[in-house]
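The values are calculated or read from the model by the stated rules, or taken from the named source; none is laboratory data. In this text the structure is predicted, and so the values were computed from the model without any measurement. Here Cβ is always computed from backbone atoms with ideal geometry, including for glycine, and neighbour counts include all displayed protein chains. Keep in mind that these areas ignore ligands, DNA and RNA; they rest on the heavy atoms of the full protein, side chains included. Shrake-Rupley method; radii C 1.70, N 1.55, O 1.52, S 1.80 Å.
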Amino acid sequence: MERQMADRRTVDFAMFLRDGEKSANTIEKYARDVRKFLDFIQEKGEMNRETVIQYKESLLEKYKKSSVNSMLIAVNCYLKFIGKENLCVRTCRIQRQIFRDEEREMSRKEYERLVREAERQGNSRLCHIIQTMGATGIRVSELPFIT
């Protein structure tokens with residue numbers, strides 16, 4: 001009986017998301033995340049702040065913080081939908097990395113090899129692009145803005 005009620009709630013929630021003009025992929029993901037949450041709650045017996053926090057902690061044991069945050073956003077949206085916004089939990093704080101890990105950086109030797117290979121192939125445009133990226137540190141996505 002409880003499972004049917006939970007299924008009905010997720011269908012209603014999906015309709016709510018559709019009315020909010022969420023994409024089909026977002027609706028599918030939120031519904032999947034909410035079903036997983038409701039399964040956890042059903043195991044625990046009741047939905048209260050403590051069980052929601054336990055759910056968050058169980059997610060942190062299995063997934064990266066960024067994935068946990070996306071699941072919690074779906075759960076918090078659902079909790080607001082059913083009128084239990086007082087049970088919403090905070091997402092995890094994630095420290096943004098300003099610099100890449102050193103092992104992901106290109107060495108001077110690798111850079112010079114790329115420039116030489118572009119020159120060997122007679123591709124001066126590619127050679128200049130590689131040199132520009134090496135000298136400025138711009139991303140590939142920023143290349144169209146170089147004139």
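The ellipsoid that matches the Cα gyration tensor of segment 51-90 has semi-axes, each √(5λ) in whole angstrom, of 19, 11, 6, with the longest given first. Considering only Ser70, Ser58, Pro144, the residue lying farthest towards the positive end of the dipole of the chain is Pro144, judged by Cα position with unit charges set on Cβ. To the nearest ten degrees, helix 49-62 and the longest principal axis of the Cα atoms of the chain are 30 degrees apart. What the chain shows is 77 Å² of accessible area per residue, with the surface traced by a 1.4 Å probe over protein heavy atoms.
For the chain, excluding the exposed loop sites themselves (trypsin sites (Lys or Arg not before Pro), DSSP loop, at most 16 other Cβ atoms within 10 Å), the longest remaining stretch covers 23-63.
Between the Cα long axis of helix 65-81 and the first principal axis of the chain there is an angle of about 40°, rounded to the nearest 10. Comparing Val68, Val52, Val115 in a Gaussian network model of the chain, where Cα atoms under 10 Å apart are tied by springs, the biggest mean-square fluctuation is seen for Val115. Under a point-charge model restricted to the Cβ atoms of Lys and Arg (+1) and Asp and Glu (-1), what is the dipole moment magnitude of segment 52-147 relative to its Cα centre, in debye to the nearest 20? Roughly 280 debye, rounded to the nearest 20. In whole angstrom, segment 100-147 maps to an equivalent ellipsoid with semi-axes of 18, 16, 7, each derived as √(5λ) from the alpha carbon gyration tensor and ordered largest first. Within 10 Å of each candidate Cβ there may be at most 14 other Cβ atoms; applying that plus a DSSP loop requirement, which GluC sites (Glu not before Pro) in segment 74-147 survive? Answer by residue number: Glu105.
If I fit a long axis through the Cα atoms of helix 24-44 and take the longest principal axis of the Cα atoms of the chain, what angle between them do I get, 0 to 90°, rounded to 10? Once rounded, the angle reads 50 degrees.
Averaging over all projection directions, the Cα-based convex hull of the chain occupies 13.6 nm² in the image plane. Expressed as a whole percent, how much of the Cα-Cα distance distribution for segment 16-76 exceeds 18 Å? Cα-Cα pairs of segment 16-76 separated by over 18 Å account for 36 percent.
Only protein atoms count toward the accessible area here, which uses a 1.4 Å probe; on the chain, the carbon and sulfur part of that area reaches 49 percent.
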